[in-house]
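Data first, discussion second: the structure below is written as structure tokens.
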Amino acid sequence: MDLGLSGRRAAVAASSRGLGFACASALAAEGTRVAICGRSESDVAAAAARLGGGAVPLVADVGSPAGAREFVMQATDTLGGLDILVTNAGGPPPGTFASTDYGRYPQALEVNLLSVVAMCQAAVPGMQAQNFGRVVAITSVSVRQPIANLILSNTARAGVTGFLKTLAREVAADGVTVNSVQPGSHSTDRLLAVFGDAVDEQVRRIPALQLGRPEDFGRVVAFLCSDHSRFITGAAIPVDGGEYAGLL
């Protein structure tokens, strides 16, 4: 299926590895011009080399609103405009209500909520002006079903979902769609760091009885950026091997 993405311009945040890289790879494979970012110049340069196709490596820390905004502005300038924004950032540290100090919440909200707001503020007005845009946020299945020992992530990601749903309704008439994709357990460094020796136990909780493949997740995101998805907006789509057990 031709996704109609050839020649489109995309900024994919936190994309030197993991799910962010998988999204950038899927878009690049469809002919999209992709700007990626990471905090390490060597890592992001190596990632861009693996992507090929003129992928643009940018050094940026999207863990703060200022850094997130700067990444989008750099990507827009370098690519000559922006058609696609994929928001992403590293997750906050694990913890429970009892073990997590109040002082950790503002930073978690900056990294996983306010950075998304900042990226959208930098990208969406230009998309509205050209009457085309795709915003896809990588969040977490924890929005639907909170994950134990991840109270900071559960809280911040839920806030992002509320923001995105509101934004989607406000810009739909301008040809801009806004969706989020909620990964379950995928084979990434982040998952291995969180679950450690308990990874096998986590796999047993997934009806598919396997971890997700990042490349498959990236293809879902690429579809949501395509011409075929023009009537999908305000959606929050779990990609989790059936892990979420609710009806809605």
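Each reported figure results from applying straightforward, stated rules to the coordinates on display, with no laboratory input. Not measured: the values here are computed from a predicted model. So basically every Cβ, Gly included, is an ideal-geometry build from the backbone, and we count neighbours across all protein chains shown.
Miscellaneous remarks
- Computed from the C-beta positions of Met73 and Ala172, the FRET efficiency with R₀ = 35 Å rounds to 0.90.
- Listed residue (Ala24, Asn112, Thr177) projecting farthest to the positive dipole end of the chain, Cβ model: Thr177
- Which of Gly103, Asn131, Gly218, positive extreme of dipole for the chain (C-beta unit charges): Asn131
- Evaluated at q = 0.07, 0.18 Å⁻¹, the base-10 log of the normalised Debye intensity for the stretch 9-239, with identical point scatterers placed on the Cα atoms, takes the values -0.20, -1.40.
- Other residues within the sphere of radius under 12 Å centred on the Cβ of Val34, judged by their own Cβ, net out at +2 (K and R +1, D and E -1).
- Using C-alpha pairs under 8 Å with a sequence gap of at least 6, the mean separation divided by the residue count of the stretch 1-146 gives a relative contact order of 23 percent.
- Helical segments meeting 27 Å axial Cα length and Kyte-Doolittle -1.0 threshold in the chain (DSSP H): 151-171
- For Ala236, the residues whose modelled amide H falls within less than 5 Å of its own, excluding neighbours fewer than 5 places apart on the same chain, are Ser180.
- By the helix-only formula, in which each DSSP H run with n ≥ 4 contributes -39500 (n - 2.57) and the sum is divided by residues, the chain has a 222 nm mean residue ellipticity of -13000 deg cm²/dmol.
- Within the stretch 203-248, trypsin sites (Lys or Arg not before Pro) in DSSP loop having at most 13 other beta-carbon neighbours inside 10 Å: Arg205, Arg230
- Neighbour counting of Cβ atoms within 10 Å sorts the residues Leu5, Leu27, fewest neighbours leading, into Leu5, Leu27.
- 3J(HN,Hα) from dihedral phi, the stretch 83-97, Karplus parametrisation 6.51/-1.76/1.60, rounded to Hz, x for glycine, proline: 9, 9, 10, 10, 8, 6, 6, x, x, x, x, x, x, 9, 4
- Measuring r between the beta carbons of His228 and Phe132 and using R0 = 22 Å, the FRET efficiency lands at 0.95.
- Inter-label distance, nm, simple model (7 Å from Cα along the C-beta direction), Ser99/Gln210: 3.2
- Working from Cα pairs under 8 Å separated by at least six residues, relative contact order for the chain is 21 percent.
- Summing Cβ point charges (Lys, Arg +1; Asp, Glu -1) relative to the Cα centre of the chain gives a dipole of roughly 300 debye.
- Here's how it looks for Leu58: its modeled amide H is under 5 Å from those of Ile36, Cys37, Gly38, which are all 5 or more places away or on a different chain.
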